[in-house]
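The values are calculated or read from the model by the stated rules, or taken from the named source; none is laboratory data. Remember, it's a predicted structure, so these values are computed and weren't measured experimentally. Here the Cβ is made from the backbone with ideal geometry for all residues, glycine too, and neighbour counts use every protein chain on show. When the accessible area is computed, the model is the full protein with side chains, heavy atoms only, and any ligands, DNA or RNA have been set aside. Shrake-Rupley method; radii C 1.70, N 1.55, O 1.52, S 1.80 Å.
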Amino acid sequence: NLYVNETCYRLKAGCLIMQTPLHNTIIQDYSHNFQFSVVVISRMFLNNLYIAKSNQMTTGSLYTYSNPVIELLPDDCDIINNCIIDITNQIKRCNHSFQKELIQNSVIRFYLELHNAYNKISITDIKQPRHYTILRDFINLLITHFKEQHNVWFYAQELNITPHYLTKIVKEHTNMTPAKIIDELLYNEARYLLLHSTLSIQEIASKLNFADQSSFGKFFKSIEHLSPLSFRKNNI
């Protein structure tokens, strides 16, 4: 039995467990032949990868908070096991000139296969949170507007509910406030642009709709503990 945030899940062969730092997980009452593979990826490593973004992937990422355990289809189980073996093999290749890049490519494949497997699960097989429509519509609004709309009030108004009610619903099912999710999306986008574009700090601040370069710098430093310029210099 696996307990995630006090909810019990009975594991069997082929189960995929998607964990985040917000999940409190305890394994109890396991059989003597219980085996599992673990892949731990830091947020910094993941943020430095180039992974195409899509509506499905963003929605799936948020739903893992309320659906951390799913049963994989047999073919997907084999594919993901092979991805884990590939990552392990690349980590062992310490003398390879491009080991870092090989590991990154293996992790990208692993990440995409995870989302592909997750998206194959029928919506009726996934535990639907209460207020599903509001949560779904909030996610869709985020995907479209997070770069220019940073205020929870905007999303609440679009959904015809109060900011307090929106915060209550989102926090209930993701353990994060809407404001925190917006900040995470902005931070990840800022990191991506700093690492993978030639835009100036001022241009990035403008692209993400900050009032000025100073306010963008304060926002970024509050999370990364480095200024955007220092972060770019240290990572390029």
List, in order, the whole-Hz ³J(HN,Hα) value for each residue of region 97-113 obtained from phi through the Karplus relation with A = 6.51, B = -1.76, C = 1.60 and θ = phi - 60°; use x for Gly and Pro.
5, 10, 4, 4, 5, 5, 5, 4, 5, 5, 5, 4, 4, 4, 4, 5, 5
Pairs on different chains or at least eight residues apart, Cα atoms closer than 18 Å: how many lysine pairs in the chain fit?
18
I'm spelling it out carefully: the read-out is log10 I(q)/I(0) by the Debye sum over Cα atoms at q = 0.08, 0.14 Å⁻¹, the candidates are (1) -0.35, -0.98; (2) -0.27, -0.88; (3) -0.36, -1.08, and one was derived from this structure. Which label?
(3)
Using each residue's phi in region 135-144, evaluate 6.51 cos²θ - 1.76 cosθ + 1.60 at θ = phi - 60° and report the 3J(HN,Hα) Karplus result to the nearest Hz, with x for Gly and Pro.
4, 4, 5, 5, 4, 5, 5, 4, 4, 7
For region 155-221, what D do you get in µm² per second when you plug the Kirkwood radius from alpha-carbon pairs into Stokes-Einstein at 37 °C and 0.692 mPa s?
246 µm²/s
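Dipole of the chain, Cα-centred, from +1 at each Lys and Arg C-beta and -1 at each Asp and Glu C-beta, to the nearest 20 debye?
It comes to approximately 460 debye.
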Largest first, what is the accessible-area ranking of R10, R191 with a 1.4 Å probe?
R10, R191
Within the under-14-Å Cβ sphere about N82, not counting N82, Lys/Arg +1 and Asp/Glu -1 give a net charge of -4
Enumerate the calculated ³J(HN,Hα) couplings along region 170-180 in order (Karplus 6.51 cos²θ - 1.76 cosθ + 1.60, θ = phi - 60°), each rounded to whole Hz, writing x wherever the residue is Gly or Pro.
5, 5, 4, 9, 10, 6, 10, 7, x, 4, 5
So for the chain, taking the charge dipole from beta-carbon charges (+1 Lys/Arg, -1 Asp/Glu), which of F219, F138, S31 sits furthest toward the positive end?
F219
If F110, F36 are ordered by their accessible area, calculated over protein heavy atoms with a 1.4 Å probe, which sequence runs from highest to lowest?
F36, F110
Computed accessible area, E71, all protein chains, 1.4 angstrom probe, square angstrom:
100 Å²
Note down the accessible area of L112, probe 1.4 Å, to the nearest 10 Å².
80 Å²
Hey, can you grab everything whose amide H is under 5 Å from the amide H of C15? Only 5+ residues off in sequence or another chain; H modelled, so Pro and N-termini drop out.
L72
Among N33, N160, N209: highest mean-square fluctuation, GNM of the chain, C-alpha pairs under 10 Å
N33
